[in-house]
Amino acid sequence: MQLMDKLAVLADAAKYDASCASSGTTRRDSAGGQGIGSAGGTGICHSYTPDGRCVSLLKVLFTNFCIYECSYCVNRASSQVRKARFSVAEVVKLTLDFYRRNYIEGLFLSSGIIQDEDHTMEQLTLVAKELRLKHGFKGYIHLKTIPDASPELLKEAGRYADRLSINIELPTQQSLKMLAPEKSIQGITTTMSRLQAGIDEAKSQRKNRQTISNRRSQATFNFAPAGQSSQMIIGADDSTDGTILQTSDRLYSQYRMRRVYYSAFSPIPDASSALPIQAPPLVREHRLYQADWLLRFYGFSTQEIVPTVGPEAGMLDLHIDPKLAWAIRHRDWFPINVNRAPLELLLRIPGIGARTAHKITRVRRHRRLRLADLQAMRVPLPKCRPFIETLDHTPAASLLEQDNLRRHFIPPVQQELDLFQAPPTPLVTAP
Amino acid sequence: MNIDAVVDFNHWRDQARLLLQQGIHPTAVNWSGQQQTQLAFDSPPATAESSRAYAAGQVPKNFIKLARAAACYRDESRWALLYSLLWRLTHGESHLLHLVTDPEVKRLRHMAQAVRRDAHKMHAFVRFKKQQINDREWYVSWFEPSHLIVPDTADFFVKRFNTMNWSILTPDACAHWDQNRLQITPGVDQPNALIQGQMSDDMDKYWLQYYRHIFNPARLKTQAMQSEMPKKYWDNLPEAALINDLANGSGQRTQTMLDQAPNDPDRLRLKSKKLRQQQDAIRSKQYPSNSAPDQWMN
Ligand code: SF4
């Protein structure tokens, strides 16, 4: 098969992985005439495809042959899509050629599982190793690790990769058993803890080296400086948003994930009959991302974010964002006075982001805030007005007491239609 | 007092320090004396960094950062604005930058932000084409930044593409790197050879192929795409030529996928003994019972 065809097949196979991050790694560049590339700043999105996703890394599978039967995946053993396999040299060349033209920040390499786990992992590692050692590549490398790859291979992979990841895929063991019978929570979390151990070790070595900075000759132990991440597929099983977020919460706290990605499954060619018929609305994925932020940066707990009682128990409101939904359920917290409330409370106000909340605390040292000040900070006033007090504004008490406060925020009917327009059939996400 | 043709931040800073030392009020300065439409490329007059005209504590670091960025904004009024802000900061309004509703502060922040965004987009959307020039490999790009950011963004490209020869040509200024020295030269008109589609580079074909296939037709969101990659950049992005066809064809492609009958997950297992054995071996793998916390196992 021609390289051009392989590229088509193996990009098609990789597109269901949502991760495209290329930030947060060690700062380095090729100034001084060594190798090629740079990294360590904020990630750069070099292009966007019409699905609204950014193109930052060359995202391909090494091969889409796979002996696993994950029903949500376009590459599973029983799938009849075209299959292909790169050589190590081909991926290396494509990465460098793309990089030199400033198309990309680096490489995101994943793979179907051929022969056995270690063999697959070896191939991925070899690509990274060649890029780093033979070509002095300083760009970003993200390698997907293979469940159950040996610790030695992971260590090797971590030496060359900026980020390593393994997808949790589904939030519970039960769902994995049903939809990805070759995978298990134990297998996946075993790898996650190994990655975490490597990341921690490298971090503490870096710290030590900084304190004993005169011993410069000490070899650096490098291990995935941009940390690990994971992905969950949304809507392939019947897990609630609450279950999904609880799983994310564990991934963040137990394995210190940098990111958990959510990927609502969408139609794939040659789908499996083991999948549910109905694809989830894309907005569900969006709400989960918002909830995820509340979890990580706003001091919310999963129990707060997802309603635990009532007809909607366990599910996020699709029509309004989760912070607003929480505020409507907890009106006794409001109004919050933006001139006096501590930062933790500012973070709870609908429409006020973390950055704005910090800014408010700085600005109010010098003057008391009015609505116009918030407007200057680009706060969406219609959304937060009912919940705040400023120097020149106190919300009408009746507003917070209204039964239909929620309706107040729901956009017109026509948008509701879009919300629920889901592709009617089988669908999906990959490795 | 007339100040002629300020060319960049350093130049402005030197002038501003002198004015400040002499106690000249912003309303008494006309920054748009002699206009020059181009950036000037001589290095600005060297002044000792030790100038105490504005003592370090007096001017917040953040102002210098914002001013450096705003200095690249394509608007001649920027020099007067910067001086006015500097004057106020050093004359009793040291907390000025916190006054988010102050019109001058707002303007400064707006300019700085626009410039940073533009620089970020330039890092992202410059596309090099590999050429042979005098028997040397040379990577050439045509780009049209919104603001006067070429000198300031060149450093990024030098660090990243240090071991390549490259030139970035723009209407305002051009940056050239020969693996040794960075040169900034005056802007040029778009060379015919660099009009999209005129100059070929073999890799473009692969890039377009990749773009076509990394796109998921089942999740069309053209608005999200356009807010991050506005149309004004499309002319210089080879992949932009594909956007309309991909977007228009996506409904049909999704329908085709939906119309396909789903297949039996055991289809291959039943046929291939080898696959069955491999899968069964993996499915029956045992892990030490303590390898995952209980709460996962529900
Ligand atoms: S998710 Fe990964 S392991 Fe599972 S079938 Fe797809 S490629 Fe294979």
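The values are calculated or read from the model by the stated rules, or taken from the named source; none is laboratory data. Predicted model, so just to flag it, every value in this text is computed and none were measured. Reconstructed Cβ throughout: ideal geometry from the backbone, glycine too, with neighbour counts over all protein chains shown. To get the accessible areas, we keep the full protein, side chains included, count just its heavy atoms, and leave off ligands, DNA and RNA. Shrake-Rupley method; radii C 1.70, N 1.55, O 1.52, S 1.80 Å.
Rg and Dmax of chain B, both derived from C-alpha coordinates alone, stand at 28.2, 91 Å.
By the beta carbon rule, with partners counted only under 4.7 Å, chain A holds these lone Cys residues: A:C20, A:C66, A:C384. Over all other residues within a Cβ to Cβ distance under 9 Å of A:Q290, the charged ones net out to 0, with Lys and Arg as +1 and Asp and Glu as -1.
The length gained on full extension between A:R27 and A:K177, counted as 0.36 nm times the residue separation minus their Cα-Cα distance, comes to 49.9 nm.
If R0 is taken as 30 Å, the Cβ-Cβ distance between B:S32 and B:Q58 corresponds to a FRET efficiency of 0.65. Partner shielding of B:15-28 amounts to 0, given as the average count of beta-carbon atoms from other chains within 10 Å of each residue beta-carbon. One chain, two ends: A:S253 and A:R340. Fully extended at 0.36 nm per residue, the span grows by 28.2 nm beyond their Cα-Cα distance. Go through A:K59/B:K231; A:K83/B:K273; B:K121/B:K232; A:K15/B:K221 and tell me which ones have a Cα-Cα distance over 18 Å in this structure. Pairs exceeding 18 Å: A:K59/B:K231; A:K83/B:K273. Its alpha carbons give the stretch A:188-312 an Rg and a Dmax of 19.3, 64 Å. The ratio of the alpha-carbon radius of gyration of the stretch B:126-195 to the globular-protein estimate 2.2 N^0.38 Å is 1.02.
Projecting the Cα atoms of A:S272, A:Q290, A:G227 onto the dipole axis of chain A, where Lys and Arg carry +1 and Asp and Glu carry -1 at the beta carbon, places A:G227 farthest toward the positive end. Count Lys and Arg as plus one, Asp and Glu as minus one, and take only other residues whose Cβ is under 15 Å from that of A:P50; the net charge is then +3.
Normalised Debye scattering of the protein assembly as shown at q = 0.08 Å⁻¹ gives log10 I(q)/I(0) of -0.76, counting only Cα atoms as equal scatterers and leaving out solvent.
The charge dipole of the stretch A:322-420, taken about the Cα centre with unit charges on the Cβ atoms of Lys, Arg (+1) and Asp, Glu (-1), comes to about 600 debye, rounded to the nearest 20.
Average 1/r across all pairs of distinct alpha carbons in the stretch A:291-349, invert it, and you get the Kirkwood radius: 12.1 Å. Note on the stretch A:322-420: Rg/Rh from C-alpha atoms, Kirkwood Rh, equals 0.99. With everything on Cα atoms, drop me the angle between helix B:61-70 and the longest principal axis of chain B, reported from 0 to 90° to the nearest 10. Approximately 80 degrees, to the nearest 10. Entry note, chain B: relative contact order of 12 percent, from Cα contacts under 8 Å with a spacing of 6+ residues. Extension gain for the segment A:R362 to A:E312, taken as residue separation times 0.36 nm less the Cα-Cα distance, is 14.1 nm to one decimal. Summing charges over all other residues whose Cβ lies under 15 Å from the Cβ of A:D29, with Lys and Arg as +1 and Asp and Glu as -1, gives +4. Taking every DSSP helix (H) stretch of at least 4 residues in chain A, weighting each as -39,500 (n - 2.57) and dividing the sum by the residue count yields a mean residue ellipticity at 222 nm of -11000 deg cm²/dmol. Taking the DSSP beta bridges with both ends in the protein assembly as shown, the antiparallel portion is around 40 percent. Taken about its Cα centre, the stretch B:126-195 carries a charge dipole of about 280 debye when Lys and Arg each add +1 at the Cβ and Asp and Glu each add -1 at the Cβ. Between the listed residues A:I113, A:A21, B:N192, the Cα displaced farthest toward the positive end of the dipole of the protein assembly as shown, a dipole computed from Cβ unit charges relative to the Cα centre, is found at A:A21. Spin-label model, A:Q2/A:A197: points 7 Å from Cα along the beta carbon direction are separated by 4.8 nm. Looking only at GluC sites (Glu not before Pro) in DSSP loops with at most 15 other Cβ atoms within 10 Å, what is the longest site-free stretch of chain B? The longest uninterrupted stretch comes out as B:94-298. For the stretch A:348-412, the relative contact order works out to 32 percent when only alpha carbon pairs closer than 8 Å and six or more residues apart are counted.
Computed from Cα positions, the angle between helix A:3-12 and the longest principal axis of chain A comes to roughly 30 degrees.
Heavy-atom accessible area buried between chains A and B is around 7700 Å² (1.4 Å probe, both sides summed). Note on A:A89/A:R329: beta-carbon distance plugged into 1/(1 + (r/R0)^6) with R0 of 56 Å gives a FRET efficiency of 0.45. For the stretch B:203-258, the Cα-based Rg and Dmax, in that order, read 11.9, 36 Å. Helix content alone sets the calculated 222 nm mean residue ellipticity of chain B: runs of n ≥ 4 DSSP H residues at -39500 (n - 2.57) each, divided across all residues, give -13000 deg cm²/dmol.
At an R0 of 45 angstrom, the distance between the Cβ atoms of B:T90 and A:R209 translates into a FRET efficiency of 0.60. Which value, in nm² and rounded to one decimal, describes the direction-averaged projected area of the C-alpha convex hull of the stretch A:46-131? If you wrap the Cα atoms of the stretch A:46-131 in a convex hull and average its projections, you get 6.3 nm². The C-alpha atoms of chain B define a longest principal axis, and helix B:202-214 lies at about 60 degrees to it.
Across chain A, Cα-Cα distances exceeding 42 Å account for 22% of all pairs.
Each Lys and Arg Cβ is given +1 and each Asp and Glu Cβ -1; about its Cα centre, the protein assembly as shown then shows a dipole of about 1560 debye.
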